[in-house]
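Following: one structure in structure tokens, then a few remarks.
The values are calculated or read from the model by the stated rules, or taken from the named source; none is laboratory data. What you are looking at is a predicted structure, and each value in this text was computed from that prediction instead of being measured. Heads up, the Cβs are rebuilt from the backbone with ideal geometry, glycines too, and the neighbour counts pull from every protein chain shown. Just the protein is used for accessible areas: all its heavy atoms, side chains included, with ligands, DNA and RNA removed. Shrake-Rupley method; radii C 1.70, N 1.55, O 1.52, S 1.80 Å.
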Amino acid sequence: MSLTIGVDVGGTKVAAGVVDEQGRILEKLRRPTPSTDPEETAGAIADLVGRLKAEHRDVVAVGLGAAGFVDESRSVVLFAPNLAWRDEPIKDKVEQRVGLPVVVENDANAMAWGEARFGAGRGERYLVCITLGTGIGGGIIVDGRLYRGRYGIGAEFGHIRVVPDGRRCGCGNRGCWEQYASGNALAHEARDLARVNPGWAARMIELSGGSPEVITGLAVSQAAREGDPAALECFQSVAEWTGQGMADLAATLDPGAFIIGGGLSAVADLLLEPIKKAFANAVTGHGHRRLADVRVAELGPDAGIVGAADLARQ
């Protein structure tokens, strides 16, 4: 049985795991990301891979998932917003350090592949995966294959513009979908509500130390679980934006299922049913077509590791 190593590189941590052909993680390690120095980041990746390789002699390849634009050759990170990677030849740098073949992939693509192969998307050949976290990432599976686009940077759903001249996005544009349907959007909605009606938002303000300006998504989630109507209103707004965006994607891609992952999937009990309802109400041809299933990702924070490792095996 061949083993591969999957590495998930984020702005704050690097996580790596040895994965078998059934998608099982045999061992996992993690360490902080030296995100401001490309050479140190490559060294941190190589360190974890080297430690895992020393314990698992049958490792044959490495898959590296990174939050950013990865070129069509799956070797260069063109741009990573949370890392100091600009046209970074990370494949070559890691290969030179670890002595194994390396494949680089966008982290949301890796998550999508992991869920398609071993998680909530098993058995479905047409999938759209959406990661609802700080922003929105995405992955597309078409006829059982990962769709990357001509230049490798397809499925950047979070930067579809849904509100002309809307909220400023970190990508430089305004009105991107992730500004209205993400963890940041949840906190933004709560802060807006608290400024306008602090009495209505009193519980969220209390949980945030008394200031509307520092309300976090965690505080909104806690208040919502307590049944706070203002927090539930914020969740409803994010769910409606999410479902409407999914309806637009369904009009374009017609998937058999949507898989919802990312940090907000941890509060799926608050989001999933409102998302399904908003999606069904907004989808083109409502009542005259089959609707895609909407499912919560099964692999959790390990999806990127599992998916990257399996892509390295392909």
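Give me the Debye-computed log₁₀ of I(q)/I(0) at q = 0.13 Å⁻¹ for the range 35-183, equal point scatterers on Cα only, no solvent, two decimals. Normalising to I(0) and taking log10 leaves -0.66. Counting 0.36 nm for each residue step from ASN281 to GLU39 and taking away their Cα separation leaves a gain of 82.2 nm. The gain in end-to-end length when the ALA251 to GLU95 segment is fully stretched comes to 52.1 nm, 0.36 nm per residue minus the alpha carbon separation.
Centroid-to-centroid, using Cα positions, the range 1-31 and the range 66-124 are 13 Å apart. Amide H contacts for GLY65 (H built 1.01 Å from N in the peptide plane; partners 5 or more residues away or on another chain; cut-off under 5 Å): VAL7, ASP8, VAL9, GLU105.
The C-alpha atoms of the range 126-265 occupy a region whose extents along the principal axes are 50, 30, 21 Å, arranged from largest to smallest.
Order HIS286, HIS188 by their accessible area, 1.4 angstrom probe, all chains in place, largest first. It would help to have the intermediate numbers written out before the result.
Values: HIS286 100, HIS188 65 Å².
If we order HIS286, HIS188 from most to least accessible, we get HIS286, HIS188.
The fraction of Cα-Cα pairs per 10 angstrom bin, counted from 0 for the chain, comes to 6, 27, 32, 23, 10, 1, 0 percent, rounded to whole percents. Projected label points at VAL214 and HIS288, each 7 Å from Cα along the beta carbon direction, are separated by 5.4 nanometres. To the nearest 10, the accessible area of LEU249 is 10 Å² with a 1.4 Å probe.
Pair-distance distribution P(r) for the range 211-314, from all Cα-Cα distances in 5 Å bins starting at 0: 2, 11, 19, 18, 16, 14, 11, 6, 2, 0, 0 percent.
Start at zero, step by 10 Å, and the Cα-Cα distances of the range 1-73 spread as 20, 51, 27, 2 percent across the bins.
In the chain, once you exclude exposed GluC sites (Glu not before Pro) (DSSP loop, at most 16 other Cβ within 10 angstrom), what's the longest stretch remaining? By the stated rule (loop sites, at most 16 other Cβ atoms within 10 Å), 73-225. Would you work out what percent of the accessible area of the range 1-61, with all protein chains in place, is carbon or sulfur (probe 1.4 Å)? Reported share for carbon and sulfur atoms: 47 percent. Along its first, second and third principal axes, ordered by size, the range 153-228 spans 40, 22, 17 Å in Cα coordinates.
With every protein chain left in place, what is the accessible area per residue of the chain in square angstrom, probe 1.4 Å?
Details: 13900 Å² over 314 residues.
For the chain, the solvent-accessible area averages 44 Å² per residue.
Would you calculate, for the chain, the mean residue ellipticity at 222 nm contributed by helices, counting each DSSP H stretch of 4 or more residues as -39,500 (n - 2.57) and dividing by all residues, to the nearest 500?
On the way: 9 runs with 119 residues, N = 314.
It lands at -12000 deg cm²/dmol.
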